[in-house]
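The values are calculated or read from the model by the stated rules, or taken from the named source; none is laboratory data. Quick caveat: nothing in here was measured; it's all calculated off a predicted structure. Backbone-built Cβ (ideal geometry, glycine too); neighbour counts: all protein chains shown.
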Amino acid sequence: MRFFRFLAIAAITALVPLGSAWAETATQVIDKLNGTLVEVMRNATTLGFKGRAEKLRPVLIQAYDLETMGRVAVGRAWDAATPDQRAKLNELFERFTVDNYASRFKDFNGEKFEVLGERDGAQGTIVSTHIVRAEKPPVKIDYIMRQRGDTYRVVDVFLDSAISEVATRRSEFTSIISRNGFDGLLDSLRAGSQRLEQDAAR
């Protein structure tokens, strides 16, 4: 009897993926991101630009699949890029994304982040949120997410259900590449981060 009980337990255990007890849902990933954004906004002045970037970096890297987003934004030019160019693109795109967030979330005026719901979509799981602002209409943000291992990661962001972050970047990136080549895009991302940091220091 004990042998058959052992087999039953083993069979059930085999059906449960390793690490599933610690798996994060798409909504939990966005809740963590939102919590960090509010914390950064509340302490924006004390942290300064570099402090905000340092606080945001690990959470953004965990929440976003920046490598996929950068590759899709580059488009066909990715296939022709060298391994070194691809590695540089990943590095600079990550830095620019973090710096962009540190630049935008620089003060606090009572904003609240609300998760409206989670649903399946054609491109992945969609987590809909609102940024609630005092005396201003709320800003709707939809996060398109796909499962990566035991968690979900953002692969695109839609503002007001219409403007795709990746599509916008792709338009910008392909235009730069067509004029200045892949290395020109790398220079542009590097300059963009420097400009954000300089603007924050003024």
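For the list (1) surrounded by fewer than 18 Cβ atoms within 10 Å (Cβ to Cβ); (2) assigned to a helix (DSSP H, G or I); (3) in contact with a helix residue (DSSP H, G or I) (Cβ under 7 Å, 6 or more places away or on another chain), I need the number of the one condition that VAL98 fails.
Of everything listed in (1) surrounded by fewer than 18 Cβ atoms within 10 Å (Cβ to Cβ); (2) assigned to a helix (DSSP H, G or I); (3) in contact with a helix residue (DSSP H, G or I) (Cβ under 7 Å, 6 or more places away or on another chain), VAL98 misses just condition (1).
Quick check on my filter: what residues within segment 161-182 are over 18 Å from MET145 (Cβ atoms) and surrounded by fewer than 16 Cβ atoms within 10 Å (Cβ to Cβ)? Let's see the steps before the verdict.
Step one: of segment 161-182, the residues over 18 Å from MET145 (Cβ atoms) are 162, 168, 170-182.
Passing the criteria: ALA162, THR168, SER171, GLU172, SER175, SER178, ARG179, ASN180, GLY181.
With a cut-off of at least 1 residues that are of a type in the set (Lys, Arg) and modelled with pLDDT of 95 or more, name the helices (runs of 4 or more DSSP H) lying wholly within segment 1-94. So that I can check it myself, show each step before the final result.
Working: elements: 2-14, 26-42, 44-63, 66-74, 77-80.
The qualifying helices (runs of 4 or more DSSP H) are 26-42, 44-63, 66-74.
Does ARG133 satisfy the criteria of being charged (D, E, K, R) and either free of Cβ contacts under 8 Å to residues at least 24 places away in the same chain or within 25 Å of ALA81 (Cβ to Cβ) (or both)? Spell out the reasoning first.
Details: charged (D, E, K, R): yes; either free of Cβ contacts under 8 Å to residues at least 24 places away in the same chain or within 25 Å of ALA81 (Cβ to Cβ) (or both): no.
Taking the combined requirement at face value, the residue does not satisfy it.
Give me the residue from segment 106-155 that is within 17 Å of GLU24 (Cβ to Cβ) and of a type in the set (A, V, I, L, M) and, out of that set, surrounded by the most Cβ atoms within 10 Å (Cβ to Cβ).
Top of the filtered list is MET145.
Name the single residue that is nearest to the chain's Cα centre (by Cα) among those in segment 49-65 being closer than 19 Å to TYR152 by Cβ and either among the aliphatic types (A, V, I, L, M) or surrounded by 21 or more Cβ atoms within 10 Å (Cβ to Cβ) (or both).
Across segment 49-65, the extreme among qualifying residues is TYR64.
Using beta carbons and a limit of 6 Å, which pairs, at least six apart or on different chains, have the first residue in segment 79-102 and in contact (Cβ under 8 Å) with a residue 60 or more places away in the chain and the second one surrounded by 20 or more Cβ atoms within 10 Å (Cβ to Cβ) and of a type in the set (D, E, K, R)?
Listed pairs, sorted by first residue: ALA102/ARG52.
Could you check segment 75-108 and list, in sequence order, the residues that are farther than 15 Å from LEU196 by Cβ and of a type in the set (Val, Ile, Thr)?
Within segment 75-108, the first condition is being farther than 15 Å from LEU196 by Cβ, and the residues that meet it are 75-91, 107-108.
If the condition is that a residue be farther than 15 Å from LEU196 by Cβ and of a type in the set (Val, Ile, Thr), then THR82 is the only one that fits.
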